[in-house]
1. Check B:SER136, B:SER124 and return the single one that is more than 18 Å from the chain's Cα centre (by Cα) and either loosely packed, with under 15 Cβ neighbours inside 10 Å or more than 7 Å from every other protein chain (Cβ to nearest Cβ) (or both).
2. Consider only pairs whose beta carbons are under 9 Å apart and that are at least six residues apart or on different chains; among these, list those whose first residue lies in segment A:71-94 and is over 18 Å from A:CYS12 (Cβ atoms) and whose second residue is at pLDDT below 95 and assigned to a helix (DSSP H, G or I).
3. Considering segment B:30-42 alone, what residues qualify as being among the polar types (S, T, N, Q) and either in contact with a Pro (Cβ under 7 Å, 6 or more places away or on another chain) or part of a loop (DSSP other than H, G, I, E, B) (or both)?
4. Let me spell it out: the conditions are (1) closer than 24 Å to B:PHE104 by Cα; (2) within 14 Å of chain B (Cβ to nearest Cβ); (3) touching a residue at least 12 places away in the same chain (Cβ under 8 Å); (4) not β-branched (Val, Ile, Thr), and A:PHE40 meets all of them except one. Which number is the exception?
5. What are the residues in segment B:19-44 that are under 18 Å from B:ALA56 (Cα atoms) and of a type in the set (A, V, I, L, M), if any?
6. Going residue by residue through segment A:13-27, is there one that turns out to be at the interface with another protein chain (Cβ under 9 Å from one of its Cβ atoms), surrounded by fewer than 21 Cβ atoms within 10 Å (Cβ to Cβ) and without any contact (Cβ under 8 Å) to a residue 12 or more places away in the chain?
7. Is there a residue in segment A:29-37 that is within 19 Å of B:PRO106 (Cα to Cα) and free of Cβ contacts under 8 Å to residues at least 40 places away in the same chain?
Number of protein chains: 2
Amino acid sequence: MKNSLYIVIIGCGRLGSLLANQLSRVGHSVVVIDTDESTFDDLSPDFSGFRVVGEATRMAVLKEAKLKNADVLFAATHEDNVNLMVAQVARKVFNVQHVLARVFDPRREQVYDQLGIETICPTSVAAEMFLLAVASDRAARGDA
Amino acid sequence: MKNSLYIVIIGCGRLGSLLANQLSRVGHSVVVIDTDESTFDDLSPDFSGFRVVGEATRMAVLKEAKLKNADVLFAATHEDNVNLMVAQVARKVFNVQHVLARVFDPRREQVYDQLGIETICPTSVAAEMFLLAVASDRAARGDA
């Protein structure tokens, strides 16, 4: 890779820590923000990024993470509202080019879309995978 | 569709209710089990399946849902342990042919695999989608 990206990840839960570890491993500069310092225990020993403890909904915390330098922001906390708010601030105030947010409630995806925020909804994805499995089950029985 | 399937869904949260509504709509026979009756409010008015209130880890509840007649079981509660236990019981005791479980912790996927249970891990899927987005971002900048 020629250039590494500067990536800010909000939320160091299962998804956030998984992403932080993988992105750091391949050479990106990663900053992880979480309100709970103990979540950083899930970062691998070779994680070379920065950890910021604090509420990502507070400007001071986002500034500490140098959000204005970020190429990518991932909002991956467990709260859809927090993800939506931080994603919007990243877009509008810090002009981050690529903003992605996890959203658990599939009904909120449209709202995010209208605000220009890319979303990933694990609920919808899991549902599609389950439905595909049923379809293949039916096909295997020759009922399709 | 020639034949409809008999499908038992454990957990009527966002994923469970989404699946129940969609599968019922296309003509499958669906039974949803949840400990909390209020979760059934998320079932659509045209949901034509059955609702069972109770702990899916109790045999009596699974019998009430006629699990032995099921073609497919989806374990979609918010607790990995519950999903794993019910999925195993469905396979070993009720001989359900197709058993799928949601698992949030990616580290548990291997355990499920070894027990012959198909899993869907929303965390892993979301992580892959986020990573793909970063890769496409890098490609678009001509850095790839």
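The values are calculated or read from the model by the stated rules, or taken from the named source; none is laboratory data. Values in this document were obtained by computation on a predicted structure and should not be read as measured data. Backbone-built Cβ (ideal geometry, glycine too); neighbour counts: all protein chains shown.
1. On inspection, the qualifying residue turns out to be B:SER136.
2. Pairs that qualify, where the first residue is over 18 Å from A:CYS12 (Cβ atoms) and the partner is at pLDDT below 95 and assigned to a helix (DSSP H, G or I), are A:ASP71/B:VAL134; A:ASP71/B:ASP137; A:ASP71/B:ARG138; A:LEU84/A:ARG108; A:LEU84/A:VAL111; A:LEU84/A:TYR112.
3. B:THR35
4. Only one criterion is unmet by A:PHE40, namely (2).
5. Matches in segment B:19-44: B:LEU19, B:ALA20, B:VAL30, B:VAL31, B:VAL32, B:ILE33.
6. yes
7. No, because not a single residue in segment A:29-37 is within 19 Å of B:PRO106 (Cα to Cα) and free of Cβ contacts under 8 Å to residues at least 40 places away in the same chain.
Residue-wise test of (1) within 13 Å of the chain's Cα centre (by Cα); (2) among the β-branched types (Val, Ile, Thr); (3) over 16 Å from A:ALA126 (Cα atoms).
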residue	(1), (2), (3)
B:LEU5	no, no, yes
B:ALA20	yes, no, no
B:LEU23	yes, no, no
B:VAL26	no, yes, yes
B:VAL30	yes, yes, yes
B:ILE33	yes, yes, yes
B:SER38	no, no, yes
B:LEU43	no, no, yes
B:ALA56	yes, no, yes
